[in-house]
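Heads up, the thing below is written out as structure tokens.
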Amino acid sequence: MQTKLRTIVFAVVASLLWISPTFALSQGLKAHVKSVTSKELKNKYIGTASWYGKLHQGRKMANGKRFDLHKLTAASWYFPLGTVVRVVNVKNGRTVIVTITDRGPNLRLHRILDLSQAAAERLDYVGQGLTPVFLYPIVPFETSAAIFDAVLIGPPARQAHGQLEARVIAEPM
């Protein structure tokens, strides 16, 4: 009797120990997937922007190139490198289009963007250091000329205009 009871208790404890980690793991994966998709869907941000200039001039950025304070670039953790972003200064309404070339600012500072000095000058907040901004990515698209290869054909001399129209409508393209 004790052997059967021990076996049953052991089976119950073993199943609880086996189910708990797998359940917790599956819940963690669901939470991780949900957080990743919610980050991907968010494409507009409102927050505080700072700027950086002379101290970083010539240093290597996350994209492998050297920082130039005269170019319209920015650093952000919220967009992939190479993303073109429109930044709007909420205080004065000025806008600038920058390319994300670096990672930053430090997340503990609660800022969403570090702009180059040139971009900060265009937004007119260099003297303040920080400013509230609204930013969103600009979707790149390419256009090309439409190919129109049609030849104009005049109606034959024997047919009237109405007969030609009827023939063109009847024939599939």
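The values are calculated or read from the model by the stated rules, or taken from the named source; none is laboratory data. Because the structure is a prediction, the values reported are computed rather than measured. Glycine also receives a Cβ, built like all others from the backbone with ideal geometry; neighbour counts cover every protein chain displayed.
Residue-by-condition table, conditions (1) over 17 Å from Val87 (Cα atoms); (2) at pLDDT below 95; (3) not assigned by TED's automatic domain parsing to the domain that holds Arg86:
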| residue | (1), (2), (3) |
| --- | --- |
| Asn106 | yes, yes, no |
| Leu109 | yes, yes, no |
| Leu113 | no, yes, no |
| Gln117 | no, yes, no |
| Val126 | no, yes, no |
| Thr143 | yes, yes, yes |
| Ala146 | yes, yes, yes |
| Val151 | yes, yes, yes |
Exercise. Restricting attention to segment 88-110, does a residue exist that is in contact (Cβ under 8 Å) with a residue 40 or more places away in the chain and touching a helix residue (DSSP H, G or I) at 6+ places or on another chain (Cβ under 8 Å)?
Worked result: yes
Seminar exercise, completed: Of (1) of a type outside the set (D, E, K, R); (2) at pLDDT 90 or above; (3) under 19 Å from the mean Cα position of the chain (by Cα), Ser50 fails just (3)
